[in-house]
Amino acid sequence: MLPKINIPKYSTTLPISGKVIEYRPYIVKEQNILKYAAQSGEESDIEDAIKQIIGNCSGVDVSDIHPTDFEWIFLKIHACSESNIVEVIYPVEDCAELQCPSYVSGYFDINEVTVIKQDKANPFKSRGNGFIIPVDDNIGMHLKKIVVFDENDYQTLYNALISIYDGDKIFPKSSIDYNEFIDFIDNLPKPVSEQLKQFMEYVGPTIQCNVNGKCDVCGKVFYQQVEGLKDFFV
Ligand SMILES: [Zn+2]
C-alpha cells in the first residue's frame, strides 16, 4: 500500500463570529472542482464549488455562516493551497493611450486583506452576532446574516433565525418548530416582511483589499481598493 500523505492543518479566527476554525489546503481533486466550475462560467456552479471546498477543507457548515466569514475562510484556504498572491485581471477605463487595453493584469495579497466592520449605513439594531427585526412593540426576531440562500425563502429565513422574543421571553430557534415558524412569517404585517427582505439583501461588513495592476502598453500603474473578493475568483 502506498503511504498516506499528511496534509498540514492551519487555524484562523473568523472575523465576524470570532470562532476559531481549522482548515487544510485543497488537494488536486478539489482544485479540479474549482477549475471545472470556473470553466463553466456559471455563477451558481462557482458558488457551489466554493461551498464544497469550504465544507471539505474546514468542516464549517456554510448554511449559517456570515458572508464575510465565508469569504475569509475561502481566502485562507486559497492562500495555503496556492499562494497568498492572487493574480487578477480587471477592467480599467482611464488608461492614457488609445491602443491601451480595457483590461489590465494585477494582483492582491491575501495576507493584507482587511475586514471593514464599522458600517454606518446599517439600518438594523445589532445584538450579539445578529440583528433585531421588530415586529411590534413587544415582539421581534433576532436574525443573523448568512451567505447561503435556499430556494425556499422560509428555509432561508429559518437558517438565519437565532430566536424570536416576546418582551422578556425568548424563544430560541431550537424550541421553534419549522411549521410554526412558517405560520409566524405568514402572519407578519407587510412592512415587517419588507424589513426582512431588506435585511436579507443588506450587505454588512465586507472584506477589503488593495489591488495593484499595470497596463502592459503604456505602463500606467493602477492601485485600487476593492471590496468583496468572490468576484475575483470567477
Ligand atoms: Zn495603458
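Descriptive notes on the structure:
- Residue check, residue 4 of a type in the set (Lys, Arg) and closer than 29 Å to residue 201 by Cβ: no
- Taking the range 4-43 as the range and being in a loop (DSSP other than H, G, I, E, B), among the charged types (D, E, K, R) and modelled with pLDDT under 90 as the test, the residues that pass are 4, 42.
- The selection criterion, being within 16 Å of the ligand (Cβ to nearest atom) and either surrounded by 12 or more Cβ atoms within 10 Å (Cβ to Cβ) or within 19 Å of the chain's Cα centre (by Cα) (or both), does not hold for residue 55.
- When residue 37 is tested against (1) surrounded by 18 or more Cβ atoms within 10 Å (Cβ to Cβ); (2) touching a Ser or Thr at 6+ places or on another chain (Cβ under 7 Å), exactly one condition is not met: (2).
- Beta carbons closer than 9 Å, at least 6 apart along the sequence or on distinct chains, pair a first residue in the range 188-202 that is closer than 14 Å to residue 144 by Cα with a second that is crowded, with 18+ Cβ neighbours inside 10 Å and among the small types (Gly, Ala, Ser) for 199/160; 200/160.
- Close pairs (8 angstrom Cβ cut-off, 6 or more residues apart or separate chains): farther than 20 Å from residue 27 by Cα and assigned to a loop (DSSP other than H, G, I, E, B) in the range 81-105, away from the ligand (no atom under 16 Å from the Cβ) and at pLDDT below 80 anywhere: none
- Only one of 216, 166 that is outside the structural domain of residue 141 (by TED's automatic domain parsing) and among the acidic types (Asp, Glu): 216
- Test: residue in the range 71-86 that is among the basic types (Lys, Arg), surrounded by fewer than 18 Cβ atoms within 10 Å (Cβ to Cβ) and away from the ligand (no atom under 16 Å from the Cβ): no
- Residue 65 being of a type in the set (A, V, I, L, M) and in the same structural domain as residue 13 (by TED's automatic domain parsing): yes
- Here residue 95 meets each of (1) surrounded by 13 or more Cβ atoms within 10 Å (Cβ to Cβ); (2) within 15 Å of the chain's Cα centre (by Cα) with one exception, condition (2).
- Top-ranked residue of the range 106-133 - restricted to ones that are touching a Lys or Arg at 6+ places or on another chain (Cβ under 8 Å) and assigned to a strand (DSSP E or B), ranked as nearest to residue 213 (Cα to Cα): 106
The values are calculated or read from the model by the stated rules, or taken from the named source; none is laboratory data. Every value quoted in this text rests on a predicted model; they were computed, and no experiment measured them. Neighbour counts run over all protein chains shown; Cβ positions are idealised from the backbone, glycine included.
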